[in-house]
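Let me begin by presenting the structure, written as structure tokens, before commenting on it.
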Amino acid sequence: MRLSRYFLPILKENPKEAEIVSHRLMLRAGMIRQQSAGIYSWLPLGLRVLNKIQRIVEEEQHRAGAVQLLMPTVQSADLWRESGRYEAYGKEMLRITDRHERDMLFGPTNEEMITDIFRSSVRSYKDLPLNLYHIQWKFRDEVRPRFGVMRGREFLMKDAYSFDLDQEKAVESYNRMFVAYLRTYRRMGLTAIPMRAETGPIGGDLSHEFIVLAETGESAVYCHSDFLEKDIPGNDVDFDGDLSAIVADWTSNYAATEDVVDMAEFEASVPEDKRISARGIEVGQTFYFGTKYSEPMGATVTGPDGKDVPVHMGSYGVGVSRLLGAIIEASHDENGIIWPASVAPFHVGLVNLKPGDALTDPVCEDLYAKMEAAGIEVLYDDTDQRAGAKFAAMDVIGLPYQVIAGPRGLKDGLLEVKDRKTGEKEMLSAEATLNKLT
Ligand SMILES: Nc1ncnc2c1ncn2[C@@H]1O[C@H](COS(=O)(=O)NC(=O)[C@@H](N)CS)[C@@H](O)[C@H]1O
């Protein structure tokens, strides 16, 4: 992508309204623009990252056997009256009246709607287990939206819903999502620790919050430091097999959020030098809630004994848009964002220090074409800004590599290649640069 033809409204100064680093850097890197409290436009650079995060989430949901669909954002209040949550959900629900005076709402979550879809077509236990998911914008009229996309009012969530004949089978579905989450976050360069959690308005009695440790996290958390050393299940993990050992391994050490922590138990079960009490960002939550929705909504299947039984369900959310904030909180320095390669908006920032120069132009054009041909996503800064501004912008947007083409270096046929994470710089020929980056 040529920067001269892109839209990247970099801010030179720190916006005063941003209280935490991820909010500050997303604004400065021209990734989002606030339209109203907790509601953002996703500008081109931010959207590229959002789409990459979404793709990783989809790949791991598919690996775990979840099937993707897409439900609407606007829902009928009638469904929520059936489950009894229409009144109970409270002020966070954005209620809408359509032209026919029908009560509608902007969906904060989709348990009722997915149960309606299920009950309309699934009749037999032979169709189970089933896990349906979508990635869709939600609206929650948070009393105090803040920290940018971390706590928005309109936000992107992956929400999956599992359906099983009984609790034992439902726990197997729960375990598949649990393992999928361990893999999903690690692929984005995060270590998310599963912590026992409250179930809140979703309900149920088995739930884990997946927490990324960060000083600016909204939750206070208490856990065993061994979590930071664990390996995650590999690509070959058998989702049709018994995953209970993996779940047991990841829930055997103490980990709890402030809502459910038992300090006596924490201190008794974790040696002092292994105790972590920190703040964390909740990037996902898993719930098993049995027949909480299937009972009132009549979502039943005919069991092996011929009797109709309400299905046992679970729901599993990932904060897709929140993850941009979480990744930046976990990976930045004083100059800006440091994107893990898996979610970086581009892999390489190619900087022409002197557009129009007989040396730098041909080298940049040739390298740009060859990198793009090799499948490397390049942001080519072909603008005529000052060098200092170019360097600062590249550091703020945090692409994994910068390739600097300047007349001085090119006199010796050399480009400067900088690793954004380590800060290491090498002087390499164009060919060596291409070999290093492909
Ligand atoms: N206001 C918000 N802004 C950004 N992300 C949010 C917000 N509220 C929740 N999330 C993200 O969405 C994830 C799932 O939300 S949740 O309430 O825990 N779970 C559900 O809604 C269930 N229906 C799971 S399918 C959270 O773990 C969090 O990462």
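The values are calculated or read from the model by the stated rules, or taken from the named source; none is laboratory data. Because the structure is predicted, anything quoted here is derived from the model rather than measured. FYI the Cβ positions are ideal-geometry reconstructions off the backbone, even for glycines, and counts take in every protein chain you see. Remember, those area values only see protein heavy atoms, side chains included, never the ligands or the DNA or RNA. Shrake-Rupley method; radii C 1.70, N 1.55, O 1.52, S 1.80 Å.
Points worth noting:
- Length available on full extension from D226 to S124: 0.36 nm per residue minus the Cα-Cα distance, which gives 32.4 nm.
- Mean residue ellipticity at 222 nm, helices only, the chain: -9000 deg cm²/dmol; runs of at least 4 DSSP H residues each add -39,500 (n - 2.57), and the sum is divided by the number of residues.
- Nearest-ten-degree value, helix 320-330 long axis tilted from longest Cα axis of the chain: 50 degrees
- Antiparallel %, DSSP beta bridges [both residues in the chain], to 5: 85 percent
- A P(r) calculated from all alpha carbon pairs of segment 22-150, with 5 Å bins opening at zero, reads 2, 8, 15, 16, 17, 16, 14, 8, 3, 1, 0 percent.
- When you work out D = kT/(6 pi eta Rh) for segment 290-398 at 10 °C and 1.306 mPa s, using the Kirkwood radius from C-alpha pairs as Rh and the Stokes-Einstein form, the result is 86 µm²/s.
- In terms of overall dimensions, the chain has a Cα radius of gyration and Dmax of 24.4, 83 angstrom.
- Distance between the modelled labels on E258 and M71, one decimal in nanometres: 3.1 nm (7 Å Cα→Cβ projection).
- In the context of the full set of protein chains, residues of the chain present 44 Å² of accessible surface per residue (probe radius 1.4 Å, heavy atoms only).
- Spatially, segment 318-392 and segment 71-139 are offset by 41 Å when compared through their Cα centroids.
- Pairs from K169/K274; K52/K138; K12/K436; K230/K421 whose Cα-Cα separation, in the structure shown, is over 26 Å: K169/K274; K12/K436
- Taking a ≥ b ≥ c as the square roots of the eigenvalues of the alpha-carbon gyration tensor, segment 346-438 is classed rounded because a/c is under 1.5.
- Residue order for R48, R85, R386, R2 - accessible surface, 1.4 angstrom probe, largest first: R386, R48, R2, R85
- Over 26 Å (Cα to Cα) - which of K91/K292; K16/K91; K390/K411; K354/K418 fall in this group: K16/K91
- Going by accessible surface with a 1.4 Å probe and the largest first, Y89, Y185 read Y89, Y185.
- Counting only protein chain heavy atoms and rolling a 1.4 Å probe, the accessible areas of H62, H312 rank, largest first, as H62, H312.
- Note on the chain: with a GNM built from Cα contacts shorter than 10 Å, the maximum mean-square fluctuation among S315, S22, S124 falls on S124.
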